[in-house]
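For reference, the structure discussed in these notes is given below.
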Amino acid sequence: MSSQSSFIWGWVYCDGNMIVDDVEGVKYDRKMTRLVKLYLNLNVEGLLNLLYAKLWTNITLYKLNISRRFLNPSTNLFEIAPMYDDDDDVQYIFESVDYSSLRNYVELYVEKISIVSGHHSNVMVEISKSGDRSSSSYSSKKLRTSESGGVSGGVSADISSGSSSRCISHLDSEGNSIGSSDFRDDDIPFYKSFDGSSMVASFHEPVMNKSVDISNASELQKGMMFQAKEELMRVIKDVHITNHQEIKVVRSDSVTWEVECNRKMTGCVWMLRARKRNIHNFFEIMETKGPHTCLNPYITQDHYNLNSSNIAHVFSTQIAADPSVSEKVLEATVVSHFGYKPSRRKIRHAREMSEKALFKSSEESYEYLPKFMNALQSFNHGTFVDWYFKEHDLGEPIAEVVRFKRVFWAFKPCIDALPFCIPVLLIDGTHLYDKYGGVLLTATAVDGFNHLLPVAFAIVESENTASWTWFMEWVKKKVVLRRRDVCVISDRHKWIISVMSNSELGWCEPHSHHRFCSRHLAANFGKEFKKGKIKDRIVPLCSQLTGHKFSLHWNALVAAEPRAQQWFADKPLSRWALAYDEGKRFGIMTTNIAESWNSAIKVARKLPITALVKTIFHKVVTYFDQRRLEIENQCVDGNEFTHHANKMLNRWKERASGHHVKVFDRDSWVFTVTTMKRGQKGGNEQIVRLMEGICTCNKWQTFHIPCSHVLAVVVPTKI
């Protein structure tokens, strides 16, 4: 942040305890609660109003005491400075920030005091070192209180009413609704930093606590403390798995965990007993014997103590970064970490445990979704998000709590990239398999490399006329904008046909064009006519480039099934026949590219809604990174065109070398090209009209890349 900024970031901590140790000084025992913008003209009243709103605190029930943590340069320890009802204290915050360092922010500690009872929600605890436990990395110098549950309001499922509607609490400091398309929250809950140069977000991942490395069981000593029994068990098991030793549980309850060597019968005396101590509420190792004197006579692929819990802890960060990571990648991670290859059943169970811990419940995921969307908008300026609630259908006012129905979003880099893609959009919907279901609608473009680029997304209740109308309206207004001659390719769902025929949406001819996917057309034909493999004739029929070849295939189809003529009667030729397309679909006959995107997020479609959106975000980030590398490599190689275009041009250049060219009309640049005779093929005559951009083979007009006949004309004459 530069010194010219009109604000600084404030890290706000609340609902926890301030603690003191001998290493850092004063610190907080909870992660940051909120990240807020503090504008330089802020006064005490404005700061209090901001914190009341951002912490969802009722001003009639609680008083807020604010303290600031700062680094004392003389002791190099953090200390607390209370703030009083004085505007000078607020201004001193801004003056004391060192904008040239990495600590160009302030840390505020908010204490809620009940006006009724005067109860303080925060407690200052001071603990000094005790004995020689400071030498142990597990010695603790802080006490924790149980964390209060979550943010009030938020998104929840309306279970009590027996319905599966989803609700969102969505008021900002000014009373604006998160559900409004105009809403922009400058706060970044749960986010620490973003890289503004790309679409990469860095945020707190909900992963398990990481312990220090212990290489063997002899390092487990009396007096070591663990925050929870689960951590104690995981660490001890990890040590034994790594050293190819086995243990068995002798006693396990809520306050005690005792284990011994699994080969005790061979004379190994190693054992360990830990208890939960009331004095500090941690699990502490009370007794150990050892070391291990046993030798494991064989090494198996799996380990006796390697369970799903240990496995889940190892790859939880991978799943947090990419929920769609494959099972093979997770298996390789486990093998690399432990040296053992557990069963697929264990890996699947561990994955389920990780997903449950990382992404929480479906209800909590809906609560987090508005915050995640707001963060995306704040740090990817121009990213568009719009919400649609059930209250919109009922004509009810948007109150504090609403019921979720739809959300639309389009990333700004995708919007900016669309003008550099061919003017074709492939639209498709795919079902979601989370608790509340729904459908993911996607609009996908195709770039110059013939690779997909998803440009717009929406999660809706189902595929119907209303949801598709809402989706395509935003695609037109916020993604396609004023670009003309955009061709939309889809299946023949009646809802999509209805939307594309709606003149008010702007998708009708001549501004835009609607075409059918030939594969879906063949599937629909096959459902109607189950005669042999007659449906296999449809895709070749649709793909013919010239009217002459189309007629040959059409006559053969009608001869095999006379009712086909009636079935195609209400379907305009331009929507499904390439020969009559006039180059609008750029030779793309199917929505396979869009469906390959659905396959790429197949695993994520089973996850809660926010995890799905995160997966889509990271997939799109990966797309841009891959395209950047591909473009850089082509520039280094000196290629003027993309690999896809070069491949077509090189193939047609080879054919052009055998063509014979005659000048038909030099004034209007009309040429006659005769192709080389190759067995039963070739020997055809095509007419090239350079000034009009036409070749009678129709490839030039269809693919918008010069065909072999055009190259045969322009290459020798250097036109």
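The values are calculated or read from the model by the stated rules, or taken from the named source; none is laboratory data. The model shown is predicted, which means the values in this text are computed figures rather than measured ones. Don't worry about glycine lacking a Cβ; one is built from the backbone with ideal geometry, like all the others, and counts go over all protein chains shown. We work out accessible area using only protein heavy atoms, side chains counted, and drop any ligands, DNA or RNA first. Shrake-Rupley method; radii C 1.70, N 1.55, O 1.52, S 1.80 Å.
When Arg275, Arg348 are screened for being among the basic types (Lys, Arg) and closer than 23 Å to Lys614 by Cα, only Arg348 passes.
Scanning the stretch 42-56 for residues that are at pLDDT 80 or above and either closer than 11 Å to Ile115 by Cβ or aromatic (Phe, Trp, Tyr) (or both) gives a single hit, Tyr52.
Condition check for Asp253 on (1) closer than 27 Å to Met353 by Cβ; (2) surrounded by 14 or more Cβ atoms within 10 Å (Cβ to Cβ); (3) of a type outside the set (Gly, Ala, Ser): one failure, at (2).
When Trp387 is tested against (1) part of a helix (DSSP H, G or I); (2) surrounded by 20 or more Cβ atoms within 10 Å (Cβ to Cβ), just one condition goes unmet, and that condition is (1).
Yes or no, residue by residue, for (1) free of Cβ contacts under 8 Å to residues at least 40 places away in the same chain; (2) open to solvent by less than 10 Å² (accessible area, probe 1.4 Å):
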position: Phe420; (1), (2): yes, no
position: Pro423; (1), (2): no, no
position: Tyr436; (1), (2): no, no
position: Phe449; (1), (2): no, no
position: Pro454; (1), (2): no, yes
position: Ser462; (1), (2): yes, no
position: Val475; (1), (2): no, yes
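Which numbered condition trips up Lys54, out of (1) out of contact with any Asp or Glu (no Cβ under 9 Å at 6 or more places or on another chain); (2) open to solvent by less than 30 Å² (accessible area, probe 1.4 Å); (3) charged (D, E, K, R)? Result: Lys54 fails condition (1) only. Pairs are defined by a Cβ separation below 8 Å, a sequence spacing of at least 6 or placement on different chains, a first member in the stretch 336-347 that is of a type in the set (Ser, Thr, Tyr), and a second member that is assigned to a helix (DSSP H, G or I); the pairs so defined are Tyr340/Ile241; Tyr340/Val334. Note on the stretch 384-400: residues that are closer than 19 Å to Val460 by Cβ and not aliphatic (A, V, I, L, M) total 9.
Which of the residues spanning the stretch 32-89 are assigned to a loop (DSSP other than H, G, I, E, B), in contact with a Lys or Arg (Cβ under 8 Å, 6 or more places away or on another chain) and within 18 Å of Trp9 (Cα to Cα)?
Met32, Leu55, Met83
For the stretch 418-437, the criterion of being assigned to a loop (DSSP other than H, G, I, E, B), closer than 21 Å to Lys614 by Cβ, modelled with pLDDT under 90 and charged (D, E, K, R) is satisfied by at least one residue.
Annotation note: Cβ proximity below 7 Å between a residue of the stretch 239-261 that is free of Cβ contacts under 8 Å to residues at least 24 places away in the same chain and a residue that is loosely packed, with under 14 Cβ neighbours inside 10 Å (sequence gap 6+ or interchain) occurs for Glu258/Arg251; Val259/Lys248; Val259/Val249; Glu260/Lys248.
Quick check: anything in the stretch 493-505 open to solvent by 40 Å² or more (accessible area, probe 1.4 Å), farther than 20 Å from Asn592 by Cα and in contact with a Cys (Cβ under 8 Å, 6 or more places away or on another chain)? Yes: the stretch 493-505 contains one or more residues that are open to solvent by 40 Å² or more (accessible area, probe 1.4 Å), farther than 20 Å from Asn592 by Cα and in contact with a Cys (Cβ under 8 Å, 6 or more places away or on another chain). Residues of the stretch 631-666 that are closer than 23 Å to Met691 by Cα and open to solvent by 90 Å² or more (accessible area, probe 1.4 Å): Phe641, Lys653, Arg655, Ser657, His660, Lys662, Phe664, Arg666.
One residue stands out in the stretch 467-511 among those that are under 27 Å from the mean Cα position of the chain (by Cα) and aromatic (Phe, Trp, Tyr): the one that is farthest from Asp393 (Cα to Cα), namely Trp474. The residues of the stretch 550-585 that are buried (at least 17 other Cβ atoms within 10 Å of the Cβ), over 19 Å from Lys494 (Cα atoms) and of a type in the set (D, E, K, R), listed by number, are Glu561, Asp581, Lys584, Arg585.
Has the stretch 358-370 got at least one residue that is touching a residue at least 12 places away in the same chain (Cβ under 8 Å) and open to solvent by 70 Å² or more (accessible area, probe 1.4 Å)?
yes
Residues in the stretch 700-719 that are open to solvent by 40 Å² or more (accessible area, probe 1.4 Å) and in contact with a helix residue (DSSP H, G or I) (Cβ under 8 Å, 6 or more places away or on another chain): 5 in all.
With respect to Val20, determine if the residue is outside any loop (DSSP other than H, G, I, E, B), over 17 Å from Val90 (Cα atoms), open to solvent by less than 60 Å² (accessible area, probe 1.4 Å) and of a type outside the set (Gly, Ala, Ser). Criteria met by Val20. His618 fulfils the conditions (1) under 21 Å from Ser354 (Cβ atoms); (2) at pLDDT 90 or above; (3) of a type outside the set (Gly, Ala, Ser) except for a single criterion, (2). Inside the stretch 539-549, can you point out the residues that are among the polar types (S, T, N, Q) and crowded, with 19+ Cβ neighbours inside 10 Å? Answer for the stretch 539-549, where residues must be among the polar types (S, T, N, Q) and crowded, with 19+ Cβ neighbours inside 10 Å: just Gln544.
For the stretch 319-332, filtering for residues that are crowded, with 17+ Cβ neighbours inside 10 Å, over 14 Å from His349 (Cα atoms) and either out of contact with any Ser or Thr (no Cβ under 8 Å at 6 or more places or on another chain) or of a type in the set (Gly, Ala, Ser) (or both) leaves 3. Among the residues of the stretch 525-537, is there at least one that is at positive phi and either modelled with pLDDT of 95 or more or of a type outside the set (Val, Ile, Thr) (or both)? Yes - at least one qualifying residue is present in the stretch 525-537. When the stretch 524-538 is filtered for residues that are within 26 Å of Cys697 (Cα to Cα) and open to solvent by less than 50 Å² (accessible area, probe 1.4 Å), only Ile538 remains.
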